[in-house]
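A.B. asks: Before we start, here is the structure in question, set down as C-alpha cells.
Quick note: the coordinates plus some simple rules give every number you see, no bench work behind them. Predicted, not measured: the structure shown is a model, and the values here were computed from it. As a convention, Cβ positions derive from the backbone with ideal geometry for all residues, glycine included, and neighbour counts pool all protein chains shown.
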2 protein chains.
Amino acid sequence: MDKRRRKFWGWGVEEADLTPEEQKRWVKRMESQFDLSGLELTPPPKLEEIELPQPRITPPDTLSDLCSSAPYDRAGHTYGKGFPDVVRAYERDFSVAPDLVAFPGTEQDIVNLLDWCSSAGVAAIPYGGGSSVVKGTEPDVGEGFKGTLSIDMKNIDKVLEIDETSRAAHMQAGIYGPALEGALKPHGLTLRHFPQSFEFSTLGGWIATRSGGHYATLYTHIDEFVESLRVITPSGTVGTLRLPGSGAGPSPDRFFIGSEGAMGIITSAWMRVQDRPTFRANAALTFPDFLVASEAVRAVSQAGLYPANIRILDAGEAYFNGVAEGDEAVMVLGFESADHPLDAWVSRALECCRDHGGTLEGEGGDSKTESRHRQGMAGAWRDSFIRMPYVWEALVAMGMITETFETAITWERFPEFHETVIGEMTEVMEEVCGGGFISCRFTYAYPDGPVPYYSITAPGKKGSQLEMGGEIKKAISELFLRLGGTITHHHGVGRYHHEWYKKQRPDGFGKVLEEAKRVLDPAGIMNPGVLIDPQR
Amino acid sequence: MDKRRRKFWGWGVEEADLTPEEQKRWVKRMESQFDLSGLELTPPPKLEEIELPQPRITPPDTLSDLCSSAPYDRAGHTYGKGFPDVVRAYERDFSVAPDLVAFPGTEQDIVNLLDWCSSAGVAAIPYGGGSSVVKGTEPDVGEGFKGTLSIDMKNIDKVLEIDETSRAAHMQAGIYGPALEGALKPHGLTLRHFPQSFEFSTLGGWIATRSGGHYATLYTHIDEFVESLRVITPSGTVGTLRLPGSGAGPSPDRFFIGSEGAMGIITSAWMRVQDRPTFRANAALTFPDFLVASEAVRAVSQAGLYPANIRILDAGEAYFNGVAEGDEAVMVLGFESADHPLDAWVSRALECCRDHGGTLEGEGGDSKTESRHRQGMAGAWRDSFIRMPYVWEALVAMGMITETFETAITWERFPEFHETVIGEMTEVMEEVCGGGFISCRFTYAYPDGPVPYYSITAPGKKGSQLEMGGEIKKAISELFLRLGGTITHHHGVGRYHHEWYKKQRPDGFGKVLEEAKRVLDPAGIMNPGVLIDPQR
C-alpha cells in the first residue's frame, strides 16, 4: 500500500505534483494558447488556512472509536476530484465538510453506523477512494439532516477468496485498484479494469458508479465483471447468488450496480477475473481528420474483433497531450490475449483502418506491432493519460476553466452530434470566457455507437471560476440531452449531473427508484440527493 | 407469415406433428428403453371435447371489437408449452382458460385495455407466442380477480425503422422470430437470436423472459441486444433512451428485461442487430466422457475466442438425439463472422479441445471444417433440436414423464453439482416412476461457468402424470438451490418456478420488486403471481 499521504484538496499525493519546471511550461503554454499574461498558480490550501464548521453531531460511545472529527479527515472527505471541487478547495472553501468521518472495519460496524444515522437523522455518505468528479461523495445534502457522516471503506479491503478454476475472486469493496491487482497477480489473474482513477479508487466505488475501465470494447463497464454482490442497506443486507449467468427475473445485481450509495453500501463482490495477458499487439495510426477516423472505429467495432483498445484522439487532443503535431487525428489500437497470438486479429483490424483512411505510424508492418504500447504515439498518450490529473489541477490553480464531459451516442447520429457540440461549445466559451479550446477523443466504442469524451480548456478568472464553469457545464449538459446523448457514460451521476439525469431517466423508472429507496432506506439517510431528490 | 393454424393444446402447428410411423418408432423406443408394453398415444384434444367455464366478464363496448371469447382463442391462450401444460391439455382440462382474449392493434388499445382491467379488477396476462414452459402466460391468478384477460400482442408487430449505420432496428414487440428475421434480411442484417422457440415466439416475449438465443457464448441472453425499450404500465408509459451504452444510474432497461409482464407490457424495442455471417467454421468432436468434455468447454470459454456454438452432449443425450452411439460425449463447435475468415479462431479452439481429450469427427483437418454444420453429428443434433418439441408431445401423449430443467453454476462447483444431480435424480425417478433416464448437455458456456441442461424421461401413468412430474420437478428444484445453481438460466420464472425463485432472490430485492409493482401497477392486475405474490 502506498504510504504517501493523500492530498486533502485534490487528486493523488503531494509528492507527485508538478515540479516548478513543469508548472512554468504549462503557464507558458496557456499564456501563448489564449494570449494571456502574468498567469500565476495559487498555492494549494494548507490545513491551517481552512475553516471547518463545528461538527453538529457526536457519535454514540459505542461508535466513537470508528469516527474521526480530525480536520485532515473532514477536509479530505469534503470533495471529489472534479473541477468545482478543486476550485472550491483552492478558494479555501470547505464549508460542506462532513461533520464526522467513520472508518468501519467490519460489516457489523457498517450496520451499526447506519442504524445510528437512521435513528439520529444523520446523512450517511459512502466513500471509496473519493475520486468522484460528479459530487458523488460531497456531503451537500440539503436541510433535512442533523448532520453528515462520511463512511470511508478503506479498512474493509480484504481479498476473501480466489477461485482459479472459475476465474473469479471474492473481494471486499474498500480495496484499492493496486492492492486488488497485487492480490490477483500471484495467481496469474487480473480484473483487467483500469479506470483513469485506478490508483486511488476502490472496487466498491467502481461498482456503485458503473465505472469504465480503460479497455475500449466488449468489457467496458465494471457491470460485466460482477458475478454477485453484497449490499448493506438500512433495512437489511442484500446478498445475490454467485452465478455465471441467470435469467431468474430482472437482475438484482444490475439494480445495485450504479446505485451510487443511494440504497446502501456495497461491502463485497465476487468478480469475474481473467488470465493475465501474455500476447499483445499494438499499433498507432493517423487519419486526415476525426470523422474519418471515427468511421474506422465503427468498422472495427462492428467486425467482431474486440480490441482491448481502440481510442481515437482528434488533432487538438493529440497535440494537447503531446502525441502528434496537431494536424491529424490519431488512433491507438491494441489487442491482448492470455491464450493466443493476435496476428489474425490485428491484421484484419489494420485492414479495416487502412480501408477507412488510416496510415500506420512509422515503417512497421503488422508483424512489427508487438510491444509497441510504451513507445511512439501510443506511449506518449499513455504517459499523458496517467499524468493528466496533476496537470489539470495546475491549470485550475492558474484560474483556467478546464473540464471533461463524456457521453454516448449511436453511430448514425454521431457526425451531426459532434459538429453541433464543437460548434455550440466554441460559441459558449467565447461568450463566457472570451475564447477556449475543445477537443474530443473516443474512450470506448460499441458496435452501435461511440463514447465521445470532450475536454475543454478556457481562460477563467480567479474568483469567478465556479460561475463560469457552471455556465459551460449547463450548456453542454443541455446539448447532450437535446441531441440524444446520455448525461454520463462512465463518470456517474452524483449531485453534479442530477438535474439532467432526472430529465433523461424515464419517469416511471424514477418512481421505481424512489419506492425502492423508501423500502431499503426508510429514513432516507443514504447519500441523499444522489439519483433521487432527498426524501426528507 | 405462416398461415397454418396453431395448435391450441401444444407446440406448433398440426401439420408438423409426428407421422404415424414416427409415433410408432418412438413408442417402440420407449417400450424397449423402459421395458414397457402396450404404450398408446392419447389423441390430441378436439375443441368440441373440452369444456370451458363461462366467461365471467364482459368488455365495455369501446373494447369489445378487440376482445374474443371464441373457444379456440380461449383454449389456445390457456397454457404454455411445458410438461404440465401438455398433460392437462391431453386430459381435456382447460378450467383455467382466460375469460377473454384481446388482440390490441395499437399502443392506445393496450392503454385502454389496462385501464379497464385496473378499474374492473381483471387480471391482464401479456401473451407473445405462448411458448412459455414455466406457466408464464397461464391465467391461474388466484382468487382476487373478477376475471382474466389474455392480451395477445400478435397484431403489434411492425418493423418501425432499420438503422444500417448503427446496426439497430426498432421493432414492435409482437413480431414473431421468422417475420423479424425476414424484415432484417434484405438489409443484410440479423438479430442472431434463435431460441428453440424461435418459430413461435415474439420479440416482446424474449425480452420479458430474458430468453437465451441458441448462440452459446458472449451474446447469450436477449439482454445484450436491447438498446432501448418501451413499456406500457397501468400508471403510464416508460420509454428508455436509445444509447449504445450508459452509466447514468442503474440501468432502466435491465429492470424491465425479465419483468415477465408483472410491471407492464413491452410494446417495442430498439434492438442491436448484426451483419449476416458469411464466414463459418464448424466441427464436431467426441470425448471419452462428459466431465472431460466440460473441461474442454471451460478452456475454450476462457480463451477469449467466443465461438457461436460450443455445445456438449453427454453420451445419453447424444444417443437420444441420434447424434452418436451412446458411449461417448459429443461437442458441436462453431464459429461465425460477417467480417473475416475464422481459421485462427477455430484452429486454436480445436487445439484447446484436443489438449482436453477431444477427437475431431471424421478425417477432416481444421481446414475441412467449413460448412459442416448441416452434416455429421452437428447436423444430426440440429435436426433433432428443431424436431424435439413435437417428439416430446408424443411422449407425453404416451403417458411418459418428460421434462427439461436448466440452470447455471460456476465451473469449480460443476463436477460435484453434476454428479449429485444425476445421482439423486436417478434415485428420485426410481422412487416415483420405477425408473427413468436423465441426460445433460451444455446450452451456453461462460468464462466462469456452464449452463447445464438436464432432460429427463421416465415412465409415467396416465392420470398421474401431473403428480409424478410435480414430485420430480420439486426434487430437482430443491437440488439446484441446495447446490448453488439458479432456478432458471433462460426459461424464465413464471408460476412454475415461483416458489424456488422466491428462495433464491435476495429478500431486499423482492421488496424492491413489490414496491415497484405497487407504483407501476397500483391495482395489481399485471400478470399476477409472476415474480411477486398476487397483491390483491
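A.B. asks: Enter the mean number of other protein chain beta carbons within 10 Å of the beta carbon of each residue in A:217-228, as an integer.
C.D. replies: 2
A.B. asks: OK, next. Counting Lys +1, Arg +1, Asp -1, Glu -1, what net charge surrounds A:Lys474 among other residues with beta carbon under 13 Å of its beta carbon?
C.D. replies: Within the 13 Å Cβ shell, the charges total -4.
A.B. asks: Given the DSSP H assignment, sum -39500 (n - 2.57) over each helix run of at least 4 residues in chain A and divide by its residue total; what's the result at 222 nm in deg cm²/dmol, nearest 500?
C.D. replies: Theoretical 222 nm ellipticity from helices: -10000 deg cm²/dmol.
A.B. asks: If r is the Cβ-Cβ distance from B:Asp140 to B:Glu478 and R0 is 25 Å, what FRET efficiency results, to the nearest 0.05?
C.D. replies: That pair, B:Asp140 with B:Glu478, gives E of 0.70.
A.B. asks: A 22 angstrom limit on the alpha carbon distance is what I want to check against. Which of A:Lys146/B:Lys517; B:Lys461/B:Lys502; A:Lys146/A:Lys517; A:Lys7/A:Lys185 exceed it?
C.D. replies: Pairs exceeding 22 Å: A:Lys146/B:Lys517; B:Lys461/B:Lys502; A:Lys7/A:Lys185.
A.B. asks: Here's another thing I want to ask about it. Could you please tell me the mean projected area of the C-alpha convex hull for the protein assembly as shown, averaged over all directions and given in square nanometres to one decimal?
C.D. replies: In nm², the orientation-averaged hull projection of the protein assembly as shown is 41.7.
A.B. asks: Moving on to the next point. Just to check I understand the Karplus step: with θ = phi - 60° and J = 6.51 cos²θ - 1.76 cosθ + 1.60, what whole-Hz values come out for region B:45-53, glycine and proline as x?
C.D. replies: Taking θ as phi minus 60°, the curve returns x, 10, 3, 6, 7, 9, 10, 9, x Hz for region B:45-53.
A.B. asks: Using +1 at the C-beta of Lys and Arg and -1 at the C-beta of Asp and Glu, which of B:Ala344, A:Leu160, B:Ala120 has the Cα lying farthest in the positive direction of the dipole of the protein assembly as shown?
C.D. replies: In the protein assembly as shown, that residue is B:Ala120.
A.B. asks: Any idea what the dipole of chain B comes to, in debye rounded to 20, about its Cα centre with Lys/Arg Cβ at +1 and Asp/Glu Cβ at -1?
C.D. replies: 860
A.B. asks: Okay, next question. Pairs of alpha-carbon atoms within less than 8 angstrom and 6+ residues apart define the contacts here; what relative contact order does region B:472-536 have, in percent?
C.D. replies: Once normalised by length, the contact order is 30 percent.
A.B. asks: DSSP loop (so not H, G, I, E, B), at most 13 other Cβ within 10 Å: list which trypsin sites (Lys or Arg not before Pro) in region B:390-486 pass both filters.
C.D. replies: B:Lys461
A.B. asks: Over chain A, what is the relative contact order in percent, taking alpha-carbon pairs closer than 8 angstrom and at least six residues apart?
C.D. replies: Relative contact order comes out at 16 percent.
A.B. asks: Right, another one. Return the FRET efficiency for the residue pair A:Lys28, A:Asp533: r is the Cβ-Cβ distance, R0 is 51 Å, and the value is rounded to the nearest 0.05.
C.D. replies: The formula returns an efficiency of 0.65 here.
A.B. asks: Then there is this: Which distances, shortest first and in nm, link B:Glu14 to the matching position in the other copies, using label points set 7 Å out along Cα to C-beta?
C.D. replies: Once sorted, the set of distances for B:Glu14 reads 8.8 nm.
A.B. asks: What are the distances, in nm and sorted shortest first, from the label point of B:Lys462 to the label points of the same position in each other copy, with each label point placed 7 Å from Cα along the Cα-to-Cβ direction?
C.D. replies: 9.5
A.B. asks: Dipole of region A:159-275, Cα-centred, from +1 at each Lys and Arg C-beta and -1 at each Asp and Glu C-beta, to the nearest 20 debye?
C.D. replies: Dipole about the Cα centre, nearest 20: 120 debye.
A.B. asks: Sequence gap at least 6, Cα distance under 8 Å: using those rules, report the relative contact order of region B:277-390 to the nearest whole percent.
C.D. replies: Relative contact order of region B:277-390: 39 percent.
A.B. asks: Along the positive direction of the dipole of region A:279-482 (beta-carbon charges: Lys, Arg +1; Asp, Glu -1; about the Cα centre), which of A:Val323, A:Ile438, A:Ser294 reaches farthest?
C.D. replies: A:Val323
A.B. asks: Which distance in Å, rounded to a whole number, links the C-alpha centroids of region A:209-244 and region A:485-536?
C.D. replies: The two parts, judged by their Cα centres, are 18 Å apart.
A.B. asks: Out of residues 5 or more away from A:Thr443 or on other chains, whose amide H comes under 5 Å of its own, with H placed 1.01 Å from N in the peptide plane?
C.D. replies: Hits under the 5 Å cutoff: A:Val451, A:Tyr453.
A.B. asks: Hey, another quick one. For B:Gly460, what residues show an amide H to amide H distance below 5 Å, using hydrogens built from the backbone and excluding near sequence neighbours?
C.D. replies: The list, which skips near neighbours in sequence, is B:Met400, B:Ile401.
A.B. asks: Still on this model: Using θ = phi - 60° and the Karplus relation 6.51 cos²θ - 1.76 cosθ + 1.60, list the HN-Hα couplings for region B:301-318 in order, rounded to whole Hz, with x at every Gly or Pro.
C.D. replies: 5, 8, 8, x, 9, 6, x, 5, 8, 8, 9, 10, 10, 6, 4, x, 5, 5
A.B. asks: Counting other Cβ atoms within 10 Å, keep those with at most 16, restrict to DSSP loop, and tell me which GluC sites (Glu not before Pro) in region B:162-271 are left.
C.D. replies: B:Glu164
A.B. asks: Using all Cα-Cα distances in chain B, what percent lands in each 20 angstrom bin from 0 up to the longest?
C.D. replies: Result returned by the calculation: 22, 56, 22, 0.
A.B. asks: Per residue of region A:471-478, what does 6.51 cos²θ - 1.76 cosθ + 1.60 with θ = phi - 60° give for ³J(HN,Hα)? Whole Hz please, x for Gly and Pro, Karplus curve as stated.
C.D. replies: Per-residue couplings from phi come out as 5, 5, 4, 4, 4, 6, 5, 4 Hz.
A.B. asks: Another question about this same structure. Given the C-alpha centroids of region B:75-128 and region A:411-477, what is the distance between them in whole angstrom?
C.D. replies: Each part reduced to its Cα centre gives a spacing of 52 Å.
A.B. asks: Further, regarding this structure: So for region A:279-482, taking the charge dipole from beta-carbon charges (+1 Lys/Arg, -1 Asp/Glu), which of A:Ile472, A:His418, A:Val391 sits furthest toward the positive end?
C.D. replies: Of the candidates, A:Val391 comes out farthest on the positive side.
A.B. asks: Can you list, shortest first and in nm, the gaps between the label point of A:Lys46 and those of its counterparts in the other copies, using a point 7 Å from Cα in the C-beta direction?
C.D. replies: Listed shortest first, these distances are 10.1 nm.
A.B. asks: Calculate the dipole size of region B:14-152 relative to its Cα centre from +1 charges on Lys and Arg beta carbons and -1 charges on Asp and Glu beta carbons; express the result in debye to the nearest 20.
C.D. replies: Once rounded to the nearest 20, the dipole reads 340 debye.
A.B. asks: In terms of modelled amide H atoms, which long-range or inter-chain residues lie less than 5 Å from the amide H of B:Val226?
C.D. replies: B:Arg272
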